[in-house]
Ligand code: CMP
């Protein structure tokens, strides 16, 4: 099924100069960039985006990290896009990520893990419109 999913190159990805590397891995694997922008998240925006994690012990640190510099927000579309992006990213903890995945190759820690991707259809349905209006999505 053709799906849309939300991905973020996190502040560590921008700092490490791997924005193009991440996007290129998505494109090379059949995903289409349907929307794209760079943005420095406010605390409120980060807390709203990760609201599902608000009771987790890492929430304060996560939102602090996500507001530490600009991120690249993108909507990706394609066949099984949600699963495909998750496979390309690898496990949340780079130490557990499979060889050849974005996090294994580029990430330093479970927090500074370079990239985010929606974890299922319900999450994607919340996350894509959180950052992009209908008029900003091209595919
Ligand atoms: P992400 O896919 O953006 O969704 C939630 C984020 O919380 C996750 O990636 C991690 O970067 C971050 N995080 C930090 N600490 C933890 C943890 N102990 N367990 C899971 N996620 C964590």
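When residue 13 is tested against (1) closer than 19 Å to residue 103 by Cα; (2) free of Cβ contacts under 8 Å to residues at least 60 places away in the same chain, exactly one condition is not met: (2).
Restricting attention to the stretch 34-43, the residues that are away from the ligand (no atom under 16 Å from the Cβ) and either closer than 22 Å to residue 106 by Cβ or assigned to a helix (DSSP H, G or I) (or both) add up to 4.
Residue-wise test of (1) under 20 Å from residue 106 (Cα atoms); (2) in contact (Cβ under 8 Å) with a residue 24 or more places away in the chain; (3) not in a helix (DSSP H, G or I).
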position	(1), (2), (3)
45	no, no, no
55	no, no, yes
61	no, yes, no
65	yes, yes, no
78	no, yes, yes
88	yes, yes, no
92	yes, no, yes
95	yes, no, no
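All conditions but one from (1) over 20 Å from residue 20 (Cα atoms); (2) in contact with a helix residue (DSSP H, G or I) (Cβ under 8 Å, 6 or more places away or on another chain); (3) in contact (Cβ under 8 Å) with a residue 12 or more places away in the chain; (4) surrounded by 15 or more Cβ atoms within 10 Å (Cβ to Cβ) apply to residue 109; the one that does not is (4).
Residues in the stretch 11-33: is at least one assigned to a strand (DSSP E or B), closer than 22 Å to residue 136 by Cα, away from the ligand (no atom under 12 Å from the Cβ) and in contact with a strand residue (DSSP E or B) (Cβ under 7 Å, 6 or more places away or on another chain)? Lay out the reasoning, then the answer.
Here is the first cut: in the stretch 11-33, the ones assigned to a strand (DSSP E or B) are 32-33.
If we keep only those that are closer than 22 Å to residue 136 by Cα too, we end up with 32-33.
Now drop any that are not away from the ligand (no atom under 12 Å from the Cβ), which leaves 32-33.
Within this subset, residues satisfying the condition of being in contact with a strand residue (DSSP E or B) (Cβ under 7 Å, 6 or more places away or on another chain) are 32-33.
Yes, the stretch 11-33 contains at least one residue that is assigned to a strand (DSSP E or B), closer than 22 Å to residue 136 by Cα, away from the ligand (no atom under 12 Å from the Cβ) and in contact with a strand residue (DSSP E or B) (Cβ under 7 Å, 6 or more places away or on another chain).
Among the residues of the stretch 58-93, just one is crowded, with 20+ Cβ neighbours inside 10 Å, within 19 Å of residue 21 (Cα to Cα) and near the ligand (Cβ under 10 Å from one of its atoms), namely 89. Taken together, the residues in the stretch 98-134 that are outside any helix (DSSP H, G or I), away from the ligand (no atom under 15 Å from the Cβ) and over 21 Å from residue 40 (Cα atoms) amount to 3.
Where a number appears in this text, it was derived from the coordinates with a stated rule and is not lab data. Just so we're clear, the structure is a prediction, and the values are computed from it rather than from any experiment. FYI the Cβ positions are ideal-geometry reconstructions off the backbone, even for glycines, and counts take in every protein chain you see.
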